1. Please state the charge dipole magnitude for the chain, taken about the Cα centre, from unit charges on C-beta atoms (+1 on K and R, -1 on D and E), reported in debye and rounded to the nearest 20.
2. For the pair Glu295 and Arg106, what calculated FRET efficiency results from E = 1/(1 + (r/R0)^6), where r is the Cβ-Cβ distance and R0 = 51 Å, to the nearest 0.05?
3. Can you tell which of Leu7, Gln267, Thr184 lies farthest toward the positive end of the dipole of the chain, using +1 and -1 charges on the Cβ of basic and acidic side chains (Lys, Arg; Asp, Glu)?
4. Based on the mean of other beta carbon atoms within 10 Å per residue, what is the order of 105-111, 358-364, most packed first?
5. Please work out the Cα convex hull volume for region 5-72 and give it in Å³ per residue.
6. Provide Rg and Dmax in Å for the chain, with only Cα atoms included in the calculation.
7. Please give the charge dipole size of region 282-368, origin at the Cα centre, charges +1 on K and R Cβ atoms and -1 on D and E Cβ atoms. Round to the nearest 20 debye.
8. Compute, for region 1-113, the length of the dipole vector about the Cα centre, with Cβ point charges of +1 (Lys, Arg) and -1 (Asp, Glu) only. Units Debye, rounded to 20.
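Each value in this text was obtained by applying a stated rule to the coordinates, not by laboratory testing. As the structure is a computational prediction, the values presented were derived from the model and not from experiment. For neighbour counting, all protein chains shown are included, and Cβ atoms are generated from backbone atoms with ideal geometry for every residue, glycine included.
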Amino acid sequence: MNISPNLNWYLKNHGWALLSKGAAGELWRHERGSVIAVPWKISPGDLQWYGLIERIARPTRSAIESVASAIEHAYMDVTDFRAADDILIEGSIPIEAGYSLISTARTIFRASATTSKGARAQIGGNYSRPAERIVEKARFAHTKKGSYILPMLVPVEDLSLKKAEDVYLFSAEYESEERRATRTMAQALSAVQTLIVDPAKEPTRRIVDDLVLSGVSREMMNALHSVVMEEAVSEFSAEFFWAGALPPNETLPRKISIPSGSSELLQMTADKMRPTRDKRTESFTGPIVQLRDEESLTYGEVNIQTVRKGRSCEITVVLRDEELRKSHQWFDQKETLVVEGEVEAVHGKGLKILAPIRVETLRNTLLFS
């Protein structure tokens, strides 16, 4: 028997060490000398929970609320959706604005879960079934004090590490489908702010294509337009709190904001998001899960975890010269890559892009589009 994964993660990563296990639970000692007993199967809401959190927080004089939140959300990606209201009255907003915020948050995550399975300019009701199962796991928490803040909780898995086979092969953890959905949502919203809201001008075809590649869809744009059009909403924003128990990634967005004054641009962009004719090349986004760079060879390879034709897969991308040199930094910083090229099925070696015409980080795409 073991204590909950959330408690176990927090204690191990905040100065506590396991002393012993007994019939009733475990004993843990903090590096500053404090000893606590942790009962089996204790969980939030139990009578003993608050007292346990208080004892965990005591050695570092941490706020009890922040310790409780860190433990409860250890394996949760949390997004705080916010509708800033010029006429906020005692923590409330007009009913239509509140309804629009909840509806917008749901639509944004639902659309992002589907585009995380493959970029689409327009979903048109054809939501991915696996993506819908991700949406079913998400929950809205109690609203927070402030300009009407609505937290959305998405449980995420910590997938096991891949083992490196030799000194030239670098491997990283896989991304769960739930994390891919929340990452896609955050990066798509960040793309809307960076490529549409901040420049405050009509997007070109290339900008629209980059938005789609980032996970933006017509459905997301319409939802954003809907919420900022509410008379009581002066600004829509989202703040992202990434699951603490998963490996940190500093490249993930932290916050976006979209003022009501951008409503016309949002509608203009939504109108331009239509499916385009198929090209010979395909575009993909995803994190690097493997990097191979041998000194004896003039080229290297990265494997990205992505989705093709609705199925999760790895695609090997052959890199040379400057791109190969940069790939080490991309790998270390856990960057999301944008890759374009012709995909070949190589017998015994899976899917490959032998001559990519585009390889860059998604962040770079947003900065220089």
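1. Computed about the Cα centre, the dipole is about 680 debye.
2. Computed FRET efficiency for Arg106 and Glu295: 0.50.
3. Comparing the listed Cα positions along the dipole, Leu7 ranks first.
4. So the peptides 105-111, 358-364, ranked by packing, come out 105-111, 358-364.
5. It is 77 Å³ per residue.
6. Gyration radius and largest Cα-Cα distance of the chain: 22.8, 68 Å.
7. With Lys and Arg at +1 and Asp and Glu at -1, about 360 debye.
8. So the dipole magnitude of region 1-113 works out to roughly 700 debye.
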